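> Please see the structure below; I have some questions.
The values are calculated or read from the model by the stated rules, or taken from the named source; none is laboratory data. Remember, it's a predicted structure, so these values are computed and weren't measured experimentally. When we count neighbours, we look across all protein chains shown, and the Cβ atoms used for this are built from the backbone with ideal geometry, even at glycine. Note: accessible area is taken over every heavy atom of the protein model, side chains too, but ligands, DNA and RNA are not part of it. Shrake-Rupley method; radii C 1.70, N 1.55, O 1.52, S 1.80 Å.
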Amino acid sequence: MSYGTDLADSYRQLGRYTAKILKGARPADLPVQQVVKLELVINLKTAKALGLTIPATLLARADEVIE
């Protein structure tokens, strides 16, 4: 199970930031960007191999479940 950044969203943010720089903004004048969207991924196959039971409510909240 991991809780981390959504890479697609991070790349979109990077693109917007880069566009500002290419349009003439100084990097030192731009605010620091932080991740806006996080995602929860659960590897059910590994959980079962470890003998763990993942509650159905947690599985329902996961953005991705690896079976």
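> Among the residues of the stretch 45-62, is there at least one that is small (Gly, Ala, Ser) and in contact with a strand residue (DSSP E or B) (Cβ under 8 Å, 6 or more places away or on another chain)?
Residues of the stretch 45-62 small (Gly, Ala, Ser): 47, 49, 51, 56, 60, 62.
Filter again for in contact with a strand residue (DSSP E or B) (Cβ under 8 Å, 6 or more places away or on another chain), leaving 62.
Yes: one or more hits.
> Where residues in the stretch 17-67 are part of a strand (DSSP E or B) and either free of Cβ contacts under 8 Å to residues at least 40 places away in the same chain or basic (Lys, Arg) (or both), which of them is least open to solvent (accessible area, probe 1.4 Å)? Reasoning before the result, please.
Residues of the stretch 17-67 that are part of a strand (DSSP E or B), as a first pass: 38-43, 64-66.
After this cut, where a residue has to be either free of Cβ contacts under 8 Å to residues at least 40 places away in the same chain or basic (Lys, Arg) (or both) as well, the list is 38-40, 64-66.
Values: Leu38: 82, Glu39: 49, Leu40: 27, Glu64: 92, Val65: 54, Ile66: 67 Å².
Here the answer is Leu40.
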